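Everything on this sheet refers to the single structure shown next.
The values are calculated or read from the model by the stated rules, or taken from the named source; none is laboratory data. Small disclaimer: the values here were computed from a predicted structure and weren't measured. Virtual Cβ from ideal backbone geometry, glycine too; neighbours counted across all protein chains shown. Side chains are part of the model used for accessible areas, which takes the heavy atoms of the whole protein and leaves out ligands, DNA and RNA. Shrake-Rupley method; radii C 1.70, N 1.55, O 1.52, S 1.80 Å.
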Amino acid sequence: MSEARDADGAHRPDQEKVPLRDLPSFGAFAAMGTSIALIEALGVLLGLYLDHLWRAEPWGLLLGIVLATVVAAFSVIQLIRRYL
């Protein structure tokens, strides 16, 4: 981060600011978190639907969570590669 300085050039740590070049990284982290949350939620809903459809109570939910975790991992990898 850049150091805040007053008009004389003296260091003023109480007014340090986030540089504008670091702001896209906040958006990248927000995109990763949002995509993970949405994908996992869809996996849980799909698993609950499969449980209802197949009458196999824990297995559909477990399958939905595992598949959603794999898809979320690939999604995060793609987002990371975009910013590298």
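Things to note:
- Heavy-atom accessible area for E57, with the other protein chains in place and a 1.4 Å probe, reaches approximately 130 Å².
- Based on the Kirkwood approach, the hydrodynamic radius assigned to the stretch 21-84 is 12.7 Å, with every pair of different Cα atoms included.
- Fully extending the segment from H52 to Q78, taken as 0.36 nm per residue of separation minus the present Cα-Cα distance, adds 6.1 nm.
- A31 paired with W59, simple spin-label distance in nm, labels 7 Å along Cα-to-beta-carbon: 3.9
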